[in-house]
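Trainee: Structure below; questions to follow.
The values are calculated or read from the model by the stated rules, or taken from the named source; none is laboratory data. Keep in mind that what you see is a predicted model, and the values were worked out from it rather than measured. Here Cβ is always computed from backbone atoms with ideal geometry, including for glycine, and neighbour counts include all displayed protein chains.
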Amino acid sequence: MDALSERNPRVVSAVKLHRSVARRKSGLFLAEGANSVAAALDTRRVRELFYSNGAAVREHELVASAVGLGVRTTLVSDRAAQHLGETVTAPGLVAVCELIDVPLDEVLEAGPRMLAVPVEIAEPGNAGTLIRVVDAVGADGVVLAGETVDPHNGKCVRASAGSLFHVPIARSRDVGETLDALAAMGITILATAADGEVDLDDADDLFTGPVAWLFGNEAHGLDPAVAARADHRVRIPIRGRAESLNLATAASICLYANSRVRYAN
């Protein structure tokens with residue numbers, strides 16, 4: 001089988017998916033590397049799998065499973081694999097996948113008990129890490145509220161390490177409407193805040209019912225008006241000398257604390 005070059009129209013078309021405009025127009029995005037590709041295959045979202053000779057050797061079972069699922073599998077040259085990948089050392093394994101985000105109503109109608117709601121999150125690596133944390137602690141979804149990063153951004157996909165395909169993800173551009181929708185479902189809204197009136201160590205009673213956690217933008221934190229809309233503002237006790245925690249770390253601590261209570265019984 002001849003390997004497709006970087007000039008092949010199918011490769012050229014796939015490479016365009018590095019840009020958000022092309023992703024929106026086509027309804028497709030790229031998932032790079034074994035973790036992401038395996039998760040995408042498990043959830044039947046792969047349209048085509050591009051692989052290099054090196055990847056065919058390293059990830060033989062993954063390529064074979066794609067063939068077994070009836071996915072179009074395409075050998076590409078090392079140079080084409082470099083164009084398809086975004087990392088310095090391209091893994092040579094890139095799947096063209098259907099977009100994963102779902103409407104907010106779909107997430108809420110499933111009766112979630114624990115949601116992460118990052119507001120105006122801008123950094124794709126943070127978004128991917130947060131999605132991975134949500135998956136790890138057994139939360140029920142992520143709602144990207146306001147003007148946020150695209151979850152299909154390559155850096156976000158890689159940082160999620162496959163969790164992007166395991167967790168329902170909704171995008172809701174109007175923050176006020178998002179909060180209204182959460183409240184209408186009887187979900188307790190919690191905001192993380194350095195000066196919150198509830199200490200995380202004392203918040204277990206809040207976690208017995210459905211909860212949505214608001215996490216603020218990396219640079220500016222949570223808008224005070226948005227934090228004011230929450231039912232409670234929760235602070236993480238910092239016992240050392242660090243002034244604050246970054247978004248992904250704060251989310252990990254809060255979601256784990258919530259998860260510990262939720263899954264206790």
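Trainee: Given the conditions (1) more than 30 Å from GLY209 (Cβ to Cβ); (2) surrounded by 16 or more Cβ atoms within 10 Å (Cβ to Cβ), report the number of the one that GLY68 does not fulfil.
Mentor: Condition (2) is where GLY68 drops out.
Trainee: Can you tell me which residues in region 1-37 are at negative phi and small (Gly, Ala, Ser)?
Mentor: Answer for region 1-37, where residues must be at negative phi and small (Gly, Ala, Ser): ALA3, SER5, SER13, ALA14, SER20, ALA22, SER26, ALA31, ALA34, SER36.
Trainee: Still on this structure: Exactly one condition in (1) more than 27 Å from ARG45 (Cβ to Cβ); (2) in contact with a strand residue (DSSP E or B) (Cβ under 7 Å, 6 or more places away or on another chain); (3) touching a residue at least 40 places away in the same chain (Cβ under 8 Å) is false for ASP204; which is it?
Mentor: (2)
Trainee: Within the group ALA90, ALA122, ALA40, which residue is hydrophobic (A, V, I, L, M, F, W, C), touching a Cys at 6+ places or on another chain (Cβ under 8 Å) and on the phi < 0 side of the Ramachandran plot?
Mentor: On inspection, the qualifying residue turns out to be ALA40.
Trainee: Can you tell me which condition LEU93 does not meet? The list is (1) of a type in the set (A, V, I, L, M, F, W, C); (2) in the same structural domain as ALA228 (by TED's automatic domain parsing); (3) within 29 Å of PHE50 (Cα to Cα), and all the others hold.
Mentor: (2)
Trainee: Is it the case that ARG132 is among the basic types (Lys, Arg), over 10 Å from the mean Cα position of the chain (by Cα) and assigned by TED's automatic domain parsing to the domain that holds ALA230?
Mentor: Answer is no for this residue.
Trainee: May I ask you to list the residues in region 99-123 that are touching a Gly at 6+ places or on another chain (Cβ under 7 Å) and of a type in the set (A, V, I, L, M)?
Mentor: Matches in region 99-123: LEU99, VAL107, LEU115, VAL119.
Trainee: Being free of Cβ contacts under 8 Å to residues at least 40 places away in the same chain and part of a loop (DSSP other than H, G, I, E, B) is the filter; apply it to region 221-261 and report the residue that is nearest to the chain's Cα centre (by Cα).
Mentor: Result: LEU245.
Trainee: Here's something else I'd like to know. Any residue in region 151-173 that's farther than 17 Å from PRO91 by Cα: show its pairings with residues that are in a helix (DSSP H, G or I) and of a type in the set (Gly, Ala, Ser) at Cβ separation under 6 Å, as long as the two are six or more apart or on different chains.
Mentor: Final answer for the pair search is PHE165/ALA39; PHE165/ALA40.
Trainee: Next question, about the same structure. Collect the residues in region 1-35 that are among the hydroxyl-bearing types (Ser, Thr, Tyr) and either surrounded by fewer than 16 Cβ atoms within 10 Å (Cβ to Cβ) or at pLDDT below 95 (or both), keeping them in residue-number order.
Mentor: Scanning region 1-35 gives SER5, SER13, SER20.
Trainee: A further question on this structure: Please determine, by comparing only the residues of region 37-58 that are under 21 Å from the mean Cα position of the chain (by Cα) and in a helix (DSSP H, G or I), which one is surrounded by the fewest Cβ atoms within 10 Å (Cβ to Cβ).
Mentor: ASP42
Trainee: Ok, one more. For region 102-198, list the strands (runs of 3 or more DSSP E) that sit wholly inside it and hold at least 1 residues that are surrounded by fewer than 21 Cβ atoms within 10 Å (Cβ to Cβ); which are they?
Mentor: Of the strands (runs of 3 or more DSSP E) lying wholly inside region 102-198, those with at least 1 residues that are surrounded by fewer than 21 Cβ atoms within 10 Å (Cβ to Cβ) span 169-172, 188-192.
Trainee: For region 242-252, which residues satisfy the criterion of being surrounded by fewer than 16 Cβ atoms within 10 Å (Cβ to Cβ) and at pLDDT 90 or above?
Mentor: Once the filter is applied, which keeps residues that are surrounded by fewer than 16 Cβ atoms within 10 Å (Cβ to Cβ) and at pLDDT 90 or above, region 242-252 yields only THR249.
So that you can scan it fast, the table gives a plain yes or no per residue for (1) in contact with a Leu (Cβ under 8 Å, 6 or more places away or on another chain); (2) assigned by TED's automatic domain parsing to the domain that holds CYS254; (3) of a type in the set (A, V, I, L, M):
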site	(1), (2), (3)
SER172	yes, yes, no
VAL175	no, yes, yes
ALA181	yes, yes, yes
ALA191	yes, yes, yes
ALA194	no, yes, yes
GLU197	no, yes, no
TRP213	yes, yes, no
GLY216	yes, yes, no
